[in-house]
Amino acid sequence: MRTRRPARRAAALAAAALVVSCGGGPDGGAPAGAGAEGTEQAVSEPAERVARTAHYDLYSDLDVNLHHFLYQWSRHERPLDRWDRVEVAEREDVTGLPPEERTAWDEAVAVYRRELANRDLLFTAGMEQLRDVVAGLRATGYGEEPALVVETLDRVRPIYRERWWPRHDAANRAWVEELLPALVEHEEEIAARLAAAYGGVFPAPPIRVDVTYYANHLGAYTSAKPHVTVSSSDSSYRMPRALEMIFHETSHADALTLPLLVSLDRHFGYHDRRPPWWFSHLMIFHTAGEVTRLVLEEAGERGYRHYGRDGLYTVNPDRARQTEVLDRHWRPFLAGETSRDDALAAIAAELASDAD
């Protein structure tokens, strides 16, 4: 069993917590001249960055939160399946706004309803770029729509800052503070094991994580680079599963997982089959979950259950069957008991035979 290194962990946690301690600015960020023990580094941190670890920068950005808030608010009146809907409890508060603010807010929601509500935050072309414009990572000059969205956010930002942002920001920061000790302690080990399992390269730091009170209907999504957006209000993404799901989201980086997906296709090809639909995503869930469980167990923290073991793995008979096969063949590989090729060969042979 691996032993903990308390001194190293304490030093790393202190460094990461340097940014966490810097709340109090007008947007919930660091006020001028403030910081952990008066250090100059804390003063220079972006106000919206809550913490930095070896691999991750975690943000609670007002505009990114406002963008997702308006997006989910605008979708309420659309005929969405229950699976696609995110309940926005704050809609009940709008009646308390003064008339001018109510008009401005309703107009902003109308813009989002007209322009964005029928789009997916991840899979619709342009939405990833729009999120990056809102985050200040990309200029607005590549189209009229980003400029319209930025203008809309400008108009209602004071309303959001006054009315809802303090609670949303506090929830985001609490989510980060709850995650941070485990992330600092285990990220190097989990990152190394994931890279070895997938056969790829863990993304270069810093990986940006935008913690938002509302994200998408799944609770989190990841776009290129990778750039993670995760909800602080979704109960399924809180600790201890927040640790697993940060690494699950990072696993969507092509450089990390593409070698595994290529190998998977090759082994199914030997049977003139393709992997079942969604199976590669199931493997990512299983890999991130099992690696997290193993690392926690070796640190003396037993009893962790994957995110998927409380429903996702058994949502239908096909998923349950595939999970059974992964437990039989992929889990031993992750524990170091067999090779990746042998595990993939056994998985492909068993699932291909199911299709015969």
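List the pairs whose first member sits in segment 270-282 and is farther than 15 Å from SER251 by Cα, whose second member is open to solvent by 80 Å² or more (accessible area, probe 1.4 Å), and whose Cβ atoms are under 7 Å apart, counting only residues at least 6 apart or on separate chains?
From residues that are farther than 15 Å from SER251 by Cα, the pairs are PRO276/ASP318.
Identify, from the list ASP106, ASP57, the residue that is modelled with pLDDT of 95 or more, open to solvent by less than 70 Å² (accessible area, probe 1.4 Å), among the charged types (D, E, K, R) and assigned to a strand (DSSP E or B).
ASP57
In segment 120-167, what residues are among the aliphatic types (A, V, I, L, M), assigned to a loop (DSSP other than H, G, I, E, B) and open to solvent by 30 Å² or more (accessible area, probe 1.4 Å)?
LEU122, ALA125, LEU137, ALA139
Taking segment 190-202, which residues are buried (at least 16 other Cβ atoms within 10 Å of the Cβ) and assigned to a helix (DSSP H, G or I)?
Across segment 190-202, the qualifying residues are ILE190, ALA191, ARG193, LEU194, ALA195, ALA197, TYR198.
Tally up the residues in segment 206-217 that are in contact with a strand residue (DSSP E or B) (Cβ under 9 Å, 6 or more places away or on another chain) and either open to solvent by 10 Å² or more (accessible area, probe 1.4 Å) or among the aromatic types (Phe, Trp, Tyr) (or both), please.
Residues flagged as in contact with a strand residue (DSSP E or B) (Cβ under 9 Å, 6 or more places away or on another chain) and either open to solvent by 10 Å² or more (accessible area, probe 1.4 Å) or among the aromatic types (Phe, Trp, Tyr) (or both) within segment 206-217 amount to 5.
Do we find that ARG238 is touching a helix residue (DSSP H, G or I) at 6+ places or on another chain (Cβ under 9 Å), open to solvent by 20 Å² or more (accessible area, probe 1.4 Å), within 26 Å of ASP120 (Cα to Cα) and of a type in the set (D, E, K, R) in this structure?
yes
Based on what the data block shows, is ALA117 part of a loop (DSSP other than H, G, I, E, B) and either open to solvent by 40 Å² or more (accessible area, probe 1.4 Å) or touching a strand residue (DSSP E or B) at 6+ places or on another chain (Cβ under 9 Å) (or both)?
No.
Suppose we filter segment 227-264 for residues that are assigned to a strand (DSSP E or B) and basic (Lys, Arg); how many remain?
0
The values are calculated or read from the model by the stated rules, or taken from the named source; none is laboratory data. In this text, all values refer to a predicted model and were calculated from it rather than measured experimentally. Positions of Cβ are generated from backbone atoms using ideal geometry, with glycine treated the same way; all protein chains shown enter the neighbour counts. Heavy atoms of the whole protein, side chains included, go into the accessibility calculation; ligands, DNA and RNA do not. Shrake-Rupley method; radii C 1.70, N 1.55, O 1.52, S 1.80 Å.
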